[in-house]
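**Student:** First, the structure itself, so that you have it in front of you.
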Amino acid sequence: MHDLQVEKLTREAFAPFGDVIETEEADNFEINNGTTIRFHDLAKVETLGENARTMISIFRGKAFHAPISVAMMERHPLGSQAFYPLQKRPFLVVVAPDENGEPGRPHVFLAARGQGVNYHVNTWHHPLISLEAESEFLVVDRGGDGNNLEEAFYKEPFTIHALAMLSGNAAGSAADNTD
């Protein structure tokens, strides 16, 4: 069976793949003479290899609508990659365990409004899946020398049919978006 179920994104469920970035239950303290609260150390940023550096970008992702085809996965062997939505919209996070250098069966998580993720080094994941509308994400990842991208394609794609977990949000049309 190639259908995938959507799970709620929690720190515990996502731990094998990376960090959940959110203020809920995060370590925090006041700074700047009490005018600001710092939510501290929300994700472990990793940059490995020759001339590695941390870089910040903004990605603009088109909205996907169910059913969504999961035909390929990617990973970054030289650095972590974090996504945090600039608009408070949910998005899907698709990750897979490594099975002898290839992605295994995907897991699908619904990132709620105000949640982001940081993929650990070498974590197989699907490219950005925005929901509801075109969305922008602050992305923290690795720049520098070396090839920090591997892609793998499934022999048969997996499908995400139901976005019912969006609780009151439009689940989308029947268009199949794979890019």
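The values are calculated or read from the model by the stated rules, or taken from the named source; none is laboratory data. Model, not experiment: these values are computed from the prediction. When we count neighbours, we look across all protein chains shown, and the Cβ atoms used for this are built from the backbone with ideal geometry, even at glycine.
**Student:** Of all residues being more than 23 Å from the chain's Cα centre (by Cα) and aliphatic (A, V, I, L, M) in segment 31-45, which is farthest from VAL140 (Cα to Cα)? Just the residue, please.
**Tutor:** Top of the filtered list is ILE31.
**Student:** Determine whether segment 89-97 contains at least one residue that is surrounded by fewer than 16 Cβ atoms within 10 Å (Cβ to Cβ), at pLDDT 95 or above and either touching a Lys or Arg at 6+ places or on another chain (Cβ under 6 Å) or under 21 Å from ILE160 (Cβ atoms) (or both).
**Tutor:** yes
**Student:** OK, next. Residues of segment 101-116 being aliphatic (A, V, I, L, M) and either assigned to a strand (DSSP E or B) or free of Cβ contacts under 8 Å to residues at least 24 places away in the same chain (or both), which ones?
**Tutor:** VAL108, LEU110, ALA111
**Student:** Shifting gears a bit: Kindly indicate whether ALA63 is in contact with a strand residue (DSSP E or B) (Cβ under 8 Å, 6 or more places away or on another chain), of a type in the set (Gly, Ala, Ser) and surrounded by fewer than 17 Cβ atoms within 10 Å (Cβ to Cβ).
**Tutor:** For ALA63, the condition - in contact with a strand residue (DSSP E or B) (Cβ under 8 Å, 6 or more places away or on another chain), of a type in the set (Gly, Ala, Ser) and surrounded by fewer than 17 Cβ atoms within 10 Å (Cβ to Cβ) - is not met.
Here's the yes/no breakdown for (1) of a type in the set (S, T, N, Q); (2) at pLDDT 95 or above; (3) over 25 Å from THR23 (Cβ atoms); (4) out of contact with any Gly (no Cβ under 6 Å at 6 or more places or on another chain):
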| position | (1), (2), (3), (4) |
| --- | --- |
| ASN100 | yes, yes, yes, yes |
| VAL108 | no, yes, no, yes |
| PHE137 | no, yes, no, yes |
| VAL140 | no, yes, no, yes |
| ALA152 | no, yes, yes, yes |
| HIS161 | no, no, yes, yes |
| ALA174 | no, no, yes, yes |
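**Student:** Another question about this same structure. Just to be sure I understand, how many residues within segment 31-44 are out of contact with any strand residue (DSSP E or B) (no Cβ under 6 Å at 6 or more places or on another chain) and either part of a strand (DSSP E or B) or surrounded by 14 or more Cβ atoms within 10 Å (Cβ to Cβ) (or both)?
**Tutor:** Total meeting the criteria: 1.
**Student:** Another one. For segment 1-30, what are the residues that are more than 19 Å from THR123 (Cα to Cα) and surrounded by 14 or more Cβ atoms within 10 Å (Cβ to Cβ)?
**Tutor:** GLU22, ALA26, listed by residue number.
For every residue, the table says whether it meets (1) touching a residue at least 60 places away in the same chain (Cβ under 8 Å); (2) in contact with a Ser or Thr (Cβ under 9 Å, 6 or more places away or on another chain).
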{"position": "THR35", "(1), (2)": "no, no"}
{"position": "ARG38", "(1), (2)": "no, no"}
{"position": "GLY61", "(1), (2)": "yes, yes"}
{"position": "PRO77", "(1), (2)": "yes, no"}
{"position": "ALA82", "(1), (2)": "yes, no"}
{"position": "PRO85", "(1), (2)": "no, yes"}
{"position": "VAL94", "(1), (2)": "yes, no"}
{"position": "GLU99", "(1), (2)": "no, no"}
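**Student:** Output the residue which, of all residues in segment 1-30 that are in a loop (DSSP other than H, G, I, E, B) and among the acidic types (Asp, Glu), is farthest from the chain's Cα centre (by Cα).
**Tutor:** Among them, the one singled out is ASP27.
**Student:** Return yes when GLU50 is surrounded by fewer than 17 Cβ atoms within 10 Å (Cβ to Cβ), farther than 19 Å from GLY143 by Cα, out of contact with any helix residue (DSSP H, G or I) (no Cβ under 8 Å at 6 or more places or on another chain) and acidic (Asp, Glu) and no when it is not.
**Tutor:** Criteria not met by GLU50.
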